[in-house]
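Notes follow once the structure below has been shown.
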Amino acid sequence: MKHQDIRRPQNIEFNDLKVRVELSVPTFIYDDEDNLLDILIAPTLVLPDGFEGLVTELPISSQMFDEDIYKNFVLRSNSIARLNRLAELNLDTLIGVIERYFAIHPVDEVLDRNADCRVLREYNIQENFSKLTFGNLRNILSCIIKTDPDLQVFEGLKSKEDRKNYTTVYKNYIEDRDSFTHGILFFLSPDFIPVLRIKSQTGSFKYVSYDKPIFTDNLLTYKYLTSILDHINLYLQSKIEGSIAE
């Protein structure tokens, strides 16, 4: 799986300073006894074309209130939640791999292997391991797989290009996971294109695309990353069990 072939969320450029109307017309679902069962939503961004001044009419379509739009929003929301859940599982596997690796190889020895590894001393790994971010842990893994010949026998890590590709895919995966975690889903009128609105630390917004190919490739990325972690995990477990048996 090559990092350049993976379809990922892409920035959507439009002038966010233009008049933007956010429509969310909820539909309340009740049972026969008038008990509220559900609330259907489909938040939509309406961006007037050719805006020059005060807008008195907006291109609001009756399609915004169509049942299929609500269903589509639920499907998109559920798919994002699924990707976030898979990322959590991947993170859990990554944590286990690094913990097992450090049970075999002292942290200081690993961090002394090369200049890139030495930079990771700023993490203060032994004291702050539970506080490390997903990205921090990925950087530690990168140090490990690029400096340990015993791990470079696994498919996907055999060549320098393989290892660079793996760590790049992982970096992009974490960036996309952050978009899925912090982004708010909207439809972009009039074509009802799903987009995620993400607020930066400066308070400004950016918008990224989200569609079925992105969802599918993220699933494949999870499989690719996790399968290699699983191979490493089994190897480390056998090493630990072997040392205990001795």
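The values are calculated or read from the model by the stated rules, or taken from the named source; none is laboratory data. All values derive from a computational prediction rather than experimental measurement. As a convention, Cβ positions derive from the backbone with ideal geometry for all residues, glycine included, and neighbour counts pool all protein chains shown. Note: accessible area is taken over every heavy atom of the protein model, side chains too, but ligands, DNA and RNA are not part of it. Shrake-Rupley method; radii C 1.70, N 1.55, O 1.52, S 1.80 Å.
Could you tell me which of the residues Lys223, Lys171 is part of a helix (DSSP H, G or I), surrounded by fewer than 16 Cβ atoms within 10 Å (Cβ to Cβ) and in contact (Cβ under 8 Å) with a residue 12 or more places away in the chain?
Working: Lys223 fails: in contact (Cβ under 8 Å) with a residue 12 or more places away in the chain.
Sole residue among the options that is part of a helix (DSSP H, G or I), surrounded by fewer than 16 Cβ atoms within 10 Å (Cβ to Cβ) and in contact (Cβ under 8 Å) with a residue 12 or more places away in the chain: Lys171.
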>> List pairs: first residue in the range 109-122 and closer than 14 Å to Asn136 by Cα and of a type in the set (D, E, K, R), second residue open to solvent by less than 80 Å² (accessible area, probe 1.4 Å) and at pLDDT 95 or above anywhere in the structure, Cβ distance under 7 angstrom, at least six positions apart or on different chains.
In response: Asp116/Cys143; Arg118/Leu111; Arg121/Leu111
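Quick check: anything in the range 7-21 closer than 30 Å to Tyr166 by Cα, at pLDDT below 85 and either open to solvent by less than 70 Å² (accessible area, probe 1.4 Å) or not in a helix (DSSP H, G or I) (or both)?
yes
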> For the range 98-165, list the helices (runs of 4 or more DSSP H) that sit wholly inside it and hold at least 2 residues that are more than 18 Å from Leu225 (Cβ to Cβ); which are they?
Replying inline: 107-111, 115-118, 125-128
>> For the range 81-97, give me each residue that is open to solvent by 80 Å² or more (accessible area, probe 1.4 Å) and within 14 Å of Thr226 (Cβ to Cβ).
In response: Arg85, Glu88, Asp92
> Out of the range 197-240, which residues are of a type in the set (A, V, I, L, M) and in contact with a Pro (Cβ under 7 Å, 6 or more places away or on another chain)?
Replying inline: Val208, Ile214
> Quick one: in the range 207-235, which of the residues that are modelled with pLDDT of 95 or more and touching a Lys or Arg at 6+ places or on another chain (Cβ under 6 Å) is nearest to Leu94 (Cα to Cα)?
Replying inline: Asp217
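Take the conditions acidic (Asp, Glu) and open to solvent by 30 Å² or more (accessible area, probe 1.4 Å) and apply them to Asp176. Does it pass?
Details: acidic (Asp, Glu): yes; open to solvent by 30 Å² or more (accessible area, probe 1.4 Å): no.
The answer is no for Asp176.
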> Looking only at residues in the range 202-220 that are assigned to a strand (DSSP E or B) and either β-branched (Val, Ile, Thr) or open to solvent by 50 Å² or more (accessible area, probe 1.4 Å) (or both), which one is farthest from Ser79 (Cα to Cα)?
Replying inline: Phe205
>> What's the number of the only condition in (1) among the charged types (D, E, K, R); (2) open to solvent by less than 40 Å² (accessible area, probe 1.4 Å); (3) over 25 Å from the mean Cα position of the chain (by Cα) that Arg163 fails to meet?
In response: (3)
>> It is to be established whether one or more residues within the range 118-130 are more than 15 Å from Asn90 (Cα to Cα) and among the aromatic types (Phe, Trp, Tyr).
In response: yes
> How do the pairs read when you match residues in the range 71-85 that are aromatic (Phe, Trp, Tyr) with residues anywhere that are outside any helix (DSSP H, G or I) and open to solvent by less than 60 Å² (accessible area, probe 1.4 Å), using Cβ under 6 Å and keeping only pairs 6 or more apart or on different chains?
Replying inline: Phe73/Ala42
